[in-house]
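Colleague: Handing you a structure now.
Quick note: the coordinates plus some simple rules give every number you see, no bench work behind them. All figures in this text were calculated on a predicted structure; none of them were measured in a lab. In this analysis, Cβ positions are derived from the backbone assuming ideal geometry, glycine residues included, and neighbour counts consider all displayed protein chains.
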Amino acid sequence: MTDMIKSKAAVAWAANQPLSIEEIDVMPPQRGEVRVRIVATGVCHTDAFTLSGDDPEGIFPTVLGHEGGGIVESIGEGVTSVAVGDHVIPLYTPECGECNFCKSGKTNLCQKIRETQGRGLMPDGTTRFYKHGEPIFHYMGCSTFSEYTVLPEISLAKVNPDAPLEEVCLLGCGVTTGMGAVMNTAKVEEGATVAIFGMGGIGLSAVIGAAMAKAGRIIAIDINESKFELARKLGATDFVNPKDYDKPIQDVIVELTDGGVDYSFECIGNVNVMRSALECCHKGWGESVVIGVAGAGQEISTRPFQLVTGRVWRGSAFGGVRGRSELPDYVERYLQGEFALNDFITHTMGLEDINKAFDLMHEGKSIRSVIHF
Ligand code: NAD
Ligand code: DAO
Ligand code: ZN
Ligand code: ZN
């Protein structure tokens, strides 16, 4: 029988407030649940988005964080697929294997616990986090900004313990999202011309995916040119700063590519850029993938004729990757040296400095800050 445990956590008490480092109470895992000691977690733009108050699902107080790596501390009744001591990556997109979505074979968007997860709760409708007896909500089913967190068993990918959790935590969101969007969602083929908008953690991972797919030309687009050095190292071949032009950036890219790109990826969350990303695609076959998450209530638009004439607009969540069955293989590929993760880690810090990680992101100075517990 496991007990309540005291845990250091960064609590978001309200939107737009700095996170507060607190000692919270983390309840024992219930049936089908697992308590995990988080070893490291990345800070993703989506955490900042929710903290900003723009996320329609944002709910406070909460423990943010969804890009973690940890070790199973204890398991609840009925848990069979992980054991104490296993190394795991929390999944904001679970994989139950039983729901219609999982069984469809067409999507990674398992819906088994969607409703409660969206309300910041565990599947039984309650929370495992408390401070002075008051409940604190979970976030994206992960809450990795806490030394200890509780997740449903279906929200954990068991990974090779040889992999450093301080690096493979990035496979819990950013790197998998970008690589997966290129390789799974778009299925970029050898020789293709690709445009990637936004060179943050997601866009740079899309660059890696495009390089692994042997794309012929990889166009990196960002308004912060300091991002281009790493983009070049990872395989980008062309660099475009929209601020250098006084015409729509889609026109610039169409000219640069003699008619448009085969694939484009929006990795920012800006609805105007989403339009540019679609419209820089080649007539007849170009495909654009929306990865960025736009603010509540925002809408995308284009002239329908863009689609009538063969361009395709689609979206991708977590790179289309099924976390439990496919993420362990990403870890193996990382261990085999197919791609590097340390390039992304521009800053490391303890939990007490986590607000600095948000500042660095807003100042455009970091790719990923990784918090070590
Ligand atoms: P980030 O803030 O690190 O990177 C964004 C980049 O876009 C920055 O380099 C910035 O300079 C650049 N940028 C901003 N405005 C621009 C413009 N108008 N034109 C060109 N470049 C511009 O963010 P990130 O962590 O890489 O996340 C990117 C987006 O992906 C966010 O919206 C995040 O919420 C979303 N996201 C989606 C998924 C998913 O599964 N779909 C997963 C994770 C993150
Ligand atoms: O199934 O309706 C659903 C929600 C799935 C959540 C996928 C979220 C992907 C985008 C959010 C950014 C993740 C960091
Ligand atoms: Zn993320
Ligand atoms: Zn499912």
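Colleague: Past 31 Å, Cα to Cα: identify those pairs from K6/K158; K103/K187; K106/K158; K112/K233, in the order given. Write out the running numbers ahead of the final one.
Modeller: Values: K6/K158 25 Å; K103/K187 21 Å; K106/K158 23 Å; K112/K233 40 Å.
Going by Cα-Cα distance, K112/K233 fall outside the 31 Å limit.
Colleague: Enter the Cα centre distance for the pair the range 313-367 and the range 155-174, rounded to the nearest angstrom.
Modeller: Measuring centre to centre over Cα atoms gives 10 Å.
Colleague: Rank the residues S205, S366 as a footprinting-exposure proxy: fewest other Cβ atoms within 10 Å of their Cβ go first.
Modeller: With the fewest neighbours first, S205, S366 line up as S366, S205.
Colleague: Can you compute the charge dipole magnitude of the range 178-316 about its Cα centre, using +1 on each Lys and Arg Cβ and -1 on each Asp and Glu Cβ, nothing else charged? Give it in debye, rounded to the nearest 20. Mind dumping the intermediate values first?
Modeller: Working: 13 positive and 16 negative charges, 54 e Å.
Roughly 260 debye for the range 178-316.
Colleague: If you line up the Cα atoms of the range 294-356 on their principal axes, what length do they span on each, largest first, in Å?
Modeller: Sorted largest first, the three principal extents are 49, 33, 23 Å.
Colleague: Roughly what % of DSSP beta bridges within the chain run antiparallel, to the nearest 5?
Modeller: Antiparallel: roughly 55 percent of the beta bridges in the chain.
Colleague: Here is a follow-up. Mind listing the long-range amide H neighbours of C44? Cut-off is under 5 Å, sequence gap 5 or more, other chains count too, H placed in the peptide plane at 1.01 Å from N.
Modeller: Amide H to amide H, under 5 Å and 5 or more residues apart or across chains, C44 pairs with H66.
Colleague: Next question. Treat the count of other C-beta atoms within 10 Å as a stand-in for reagent exposure and order H87, H66, H362 from fewest to most.
Modeller: If I rank by nearby Cβ atoms, fewest first, I get H362, H87, H66.
Colleague: Moving on to the next point. Helices from the chain with mean Kyte-Doolittle at least 1.0 and a Cα length along the axis of 24 Å or more, per DSSP H: which?
Modeller: None clear 24 Å together with a mean of 1.0.
Colleague: Ordered by packing density, taken as the mean number of other Cβ atoms within 10 Å over each peptide's residues, highest first, how do 216-227, 262-273 rank?
Modeller: On the way: 216-227: 20.4, 262-273: 24.6.
With the highest mean Cβ count within 10 Å placed first, the list reads 262-273, 216-227.
Colleague: Using square roots of five times the C-alpha gyration tensor eigenvalues, list the equivalent-ellipsoid semi-axes of the chain in whole Å, biggest first. Can you show the working numbers first?
Modeller: Numbers: eigenvalues 249, 86, 75 Å².
Working from the Cα gyration tensor, I get semi-axes of 35, 21, 19 Å.
Colleague: Now for a different question. Over all directions, the average projected area of the alpha-carbon convex hull for the range 226-292 comes to how many nm²? Could you put the intermediate results ahead of the total?
Modeller: Values: hull surface 19.0 nm².
The number I arrive at for the range 226-292 is 4.7 nm².
Colleague: Now a separate question. With +1 on the Cβ of every Lys and Arg and -1 on the Cβ of every Asp and Glu, and nothing else charged, how large is the dipole of the chain about its Cα centre, in debye rounded to the nearest 20?
Modeller: Roughly 660 debye for the chain.
Colleague: Here's another thing I want to ask about it. Check I136: other-chain or 5+ apart residues with amide H under 5 Å from its amide H, H built from backbone geometry?
Modeller: Here F129, Y130, K131 satisfy the definition.
Colleague: Still on this structure: When the chain is treated as a GNM, springs tying every alpha-carbon pair under 10 Å, which of D25, D124, D343 comes out with the largest mean-square fluctuation?
Modeller: For the chain, modelled as a Gaussian network with Cα springs under 10 Å, the answer is D124.
Colleague: On to the next question. Given the DSSP H assignment, sum -39500 (n - 2.57) over each helix run of at least 4 residues in the chain and divide by its residue total; what's the result at 222 nm in deg cm²/dmol, nearest 500?
Modeller: Rounded to the nearest 500, the figure is -6500 deg cm²/dmol.
Colleague: Provide the per-residue ³J(HN,Hα) series for the range 77-82, in order, calculated from phi with Karplus coefficients 6.51, -1.76, 1.60 and θ = phi - 60°, each as a whole number of Hz, with x at glycine and proline positions.
Modeller: 3, x, 6, 10, 8, 9
Colleague: Oh, and also: Based on other C-beta atoms within 10 Å, arrange T176, T257 from fewest to most.
Modeller: Details: T176 30, T257 20.
Arranged by neighbour count, lowest to highest, T176, T257 become T257, T176.
Colleague: Which parts of the range 298-324 would a label at S52 reach, counting a residue when its backbone N lies under 16 Å from a point 7 Å out along Cα-to-Cβ?
Modeller: 298-300
Colleague: In addition: Just to check I understand the Karplus step: with θ = phi - 60° and J = 6.51 cos²θ - 1.76 cosθ + 1.60, what whole-Hz values come out for the range 300-315, glycine and proline as x?
Modeller: Once θ is set to phi - 60°, the couplings for the range 300-315 become 9, 8, 7, 7, x, 4, 4, 7, 4, 8, x, 7, 10, 10, 9, x Hz.
Colleague: Please give me, ordered by residue number, the chymotrypsin sites (Phe, Trp or Tyr not before Pro) of the range 156-251 that lie in loop per DSSP and have at most 12 other Cβ atoms within 10 Å.
Modeller: Y245
Colleague: Viscosity 1.306 mPa s, temperature 10 °C: Stokes-Einstein D of the range 178-316 from its Kirkwood Cα radius, in µm² per second?
Modeller: Numbers: Rh = 14.4 Å.
The calculation lands on 111 µm²/s.
Colleague: Between the range 125-145 and the range 261-277, how far is it from one alpha carbon centroid to the other, in angstrom?
Modeller: 35
Colleague: If you don't mind, another one. Name the residues whose placed amide hydrogens come within less than 5 Å of the amide hydrogen of Q111, ignoring near sequence neighbours (fewer than 5 apart) on the same chain.
Modeller: HN-HN under 5 Å from Q111: F101, C102.
Colleague: Tell me which trypsin sites (Lys or Arg not before Pro) from the range 16-104 have a DSSP coil assignment and no more than 14 other beta carbons within 10 Å of their own.
Modeller: Answer by residue number: R31.
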